[in-house]
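Trainee: I am attaching a structure below and will ask some questions about it afterwards.
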Amino acid sequence: MNKVKNTHKGALESKAVLFDLDGVLIETERETFRFYQKYLKVHHGIMLPDSAFVYKIGRKSVDFWNDVLTKEQQNRVNVKKLTLLKRRMFIEHPEKYVKKVFGVKQLLKILKASGYKLALTTQNEREMMDSVLDWLNIREFFDVILSVQDILKKKPDPEIYLKAASLLNVPAKKCVVVEDSYDGIRAARRARMACIAVQQPYSPPGNAKYAHVIVKKLSYITKSLLENITKKKIKTHPFS
């Protein structure tokens, strides 16, 4: 399901900002790792070293478990149930497990007041997305909201961005994507959209190399930055 709000007709409809969720508006990478660290220690006596965090960054749970636990440990722990438990706890208690990103609501307010249409384009499951939107109290700012259940192909396929632009009735060349992941940035480029990458301290080297602009914090994004980036002629992806 997606959400589309009616907006006023006019020139101001011709620009939009499309936000990823995790790593942009919230933080869960370290928080997820710490959840697993604590659970494994308390319930199974398994000590997951801090250095193992590198295997968690931007990766699927199955790949993470294969890298940090032996087959015997995976069977003993039942990693599928643990992954589901983590998801449930994060959905039900975001205030306990999810980290807020500074300046989110302020930026959304400024953009809406400046005439931008806004979309949330996340590959999180809808239940998690809804929980976070309500917890942060930011649902009202978005004209379109898309989760993984609203698409057939995941990033780096551009489907989610192209669908959001279509629902917003804004051409791709007038859309700016705010991302943090390598695949998300590639998806934006494949959609022929400008892309701003929020570079996390733990992001792998070269993670944001295809972004048009890289910022260290979401709060560094300004109206002037968005206006300047949309003036550029955006080409399609420079990769296969």
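Trainee: For segment 180-198, enumerate the residues that are farther than 16 Å from Lys163 by Cβ and not β-branched (Val, Ile, Thr). Steps first, answer last, please.
Mentor: Taking segment 180-198 first, the residues farther than 16 Å from Lys163 by Cβ are 180-183, 185-186, 189, 194-198.
Listed by number, the residues that qualify are Asp180, Ser181, Tyr182, Asp183, Arg186, Arg189, Ala194, Cys195, Ala197.
Trainee: What's the total number of residues in segment 57-77 that are at pLDDT below 95 and under 22 Å from Pro201 (Cα atoms)?
Mentor: Final tally of qualifying residues: 6.
Trainee: Give segment 129-172 a look and list any residue that's in contact with a helix residue (DSSP H, G or I) (Cβ under 6 Å, 6 or more places away or on another chain) and polar (S, T, N, Q), or say none.
Mentor: Selection gives Ser131, Ser147, Gln149.
Trainee: Considering Asp134, Asp50, which residue is acidic (Asp, Glu) and either over 30 Å from Lys223 (Cβ atoms) or surrounded by 15 or more Cβ atoms within 10 Å (Cβ to Cβ) (or both)?
Mentor: On the way: Asp134 fails: either over 30 Å from Lys223 (Cβ atoms) or surrounded by 15 or more Cβ atoms within 10 Å (Cβ to Cβ) (or both).
Result: Asp50 is the single residue among Asp134, Asp50 that is acidic (Asp, Glu) and either over 30 Å from Lys223 (Cβ atoms) or surrounded by 15 or more Cβ atoms within 10 Å (Cβ to Cβ) (or both).
Trainee: Any idea which residue in segment 1-56 is modelled with the lowest pLDDT, counting only those that are under 17 Å from Val79 (Cβ atoms) and in a loop (DSSP other than H, G, I, E, B)?
Mentor: Per the criteria, the residue is Lys56.
Trainee: Among the residues of segment 162-187, what is the count of those that are surrounded by 23 or more Cβ atoms within 10 Å (Cβ to Cβ), part of a helix (DSSP H, G or I) and touching a Gly at 6+ places or on another chain (Cβ under 9 Å)?
Mentor: 1
Trainee: Among the residues of segment 38-86, write down those that are out of contact with any helix residue (DSSP H, G or I) (no Cβ under 6 Å at 6 or more places or on another chain), within 20 Å of Asp183 (Cβ to Cβ) and not β-branched (Val, Ile, Thr).
Mentor: Within segment 38-86, Gly58, Arg59, Lys60, Asp63, Asn66 qualify.
Yes/no per residue for (1) modelled with pLDDT of 95 or more; (2) of a type outside the set (A, V, I, L, M); (3) within 26 Å of Lys100 (Cβ to Cβ):
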{"residue": "Asn137", "(1), (2), (3)": "yes, yes, yes"}
{"residue": "Phe141", "(1), (2), (3)": "yes, yes, yes"}
{"residue": "Ile160", "(1), (2), (3)": "yes, no, yes"}
{"residue": "Val170", "(1), (2), (3)": "yes, no, no"}
{"residue": "Glu179", "(1), (2), (3)": "yes, yes, yes"}
{"residue": "Arg186", "(1), (2), (3)": "yes, yes, no"}
{"residue": "Ile196", "(1), (2), (3)": "yes, no, yes"}
{"residue": "Ile229", "(1), (2), (3)": "no, no, yes"}
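Trainee: Consider Tyr55 carefully, then state whether it is among the hydroxyl-bearing types (Ser, Thr, Tyr) and surrounded by fewer than 17 Cβ atoms within 10 Å (Cβ to Cβ). Please lay out each step first, then the result.
Mentor: Details: among the hydroxyl-bearing types (Ser, Thr, Tyr): yes; surrounded by fewer than 17 Cβ atoms within 10 Å (Cβ to Cβ): yes.
Spelling it out, Tyr55 is indeed among the hydroxyl-bearing types (Ser, Thr, Tyr) and surrounded by fewer than 17 Cβ atoms within 10 Å (Cβ to Cβ).
Trainee: Here's a follow-up. So which of Ser147, Ser166 ends up being farther than 16 Å from Leu226 by Cα, of a type outside the set (Phe, Trp, Tyr) and either free of Cβ contacts under 8 Å to residues at least 24 places away in the same chain or in contact with a Cys (Cβ under 7 Å, 6 or more places away or on another chain) (or both)?
Mentor: Working: Ser147 fails: either free of Cβ contacts under 8 Å to residues at least 24 places away in the same chain or in contact with a Cys (Cβ under 7 Å, 6 or more places away or on another chain) (or both).
Only one candidate qualifies: Ser166.
Trainee: Got a number for residues in segment 76-96 being more than 22 Å from Leu136 (Cα to Cα) and either crowded, with 18+ Cβ neighbours inside 10 Å or hydroxyl-bearing (Ser, Thr, Tyr) (or both)?
Mentor: The total comes to 4.
Trainee: What single numbered condition from (1) more than 23 Å from His93 (Cα to Cα); (2) of a type outside the set (Ser, Thr, Tyr); (3) touching a residue at least 40 places away in the same chain (Cβ under 8 Å) fails to hold for Leu152?
Mentor: (3)
Trainee: Follow-up question, since we're still on this one. Which of (1) surrounded by fewer than 18 Cβ atoms within 10 Å (Cβ to Cβ); (2) in contact with a Lys or Arg (Cβ under 6 Å, 6 or more places away or on another chain); (3) farther than 24 Å from Lys86 by Cα is the odd one out, the single condition Asp143 does not satisfy?
Mentor: All conditions pass for Asp143, except number (1).
Trainee: Right, here's the next one. Tell me yes or no: at least one residue of segment 140-155 is among the hydrophobic types (A, V, I, L, M, F, W, C), in a helix (DSSP H, G or I) and under 22 Å from Tyr220 (Cβ atoms).
Mentor: First pass over segment 140-155, keeping only residues among the hydrophobic types (A, V, I, L, M, F, W, C): 141-142, 144-146, 148, 151-152.
Now restrict to residues that are in a helix (DSSP H, G or I): 141, 148.
Next, from what is left, pick out any that are under 22 Å from Tyr220 (Cβ atoms): 141.
Yes, segment 140-155 contains at least one residue that is among the hydrophobic types (A, V, I, L, M, F, W, C), in a helix (DSSP H, G or I) and under 22 Å from Tyr220 (Cβ atoms).
The values are calculated or read from the model by the stated rules, or taken from the named source; none is laboratory data. This is a predicted model, so every value here is computed, not measured. As a convention, Cβ positions derive from the backbone with ideal geometry for all residues, glycine included, and neighbour counts pool all protein chains shown.
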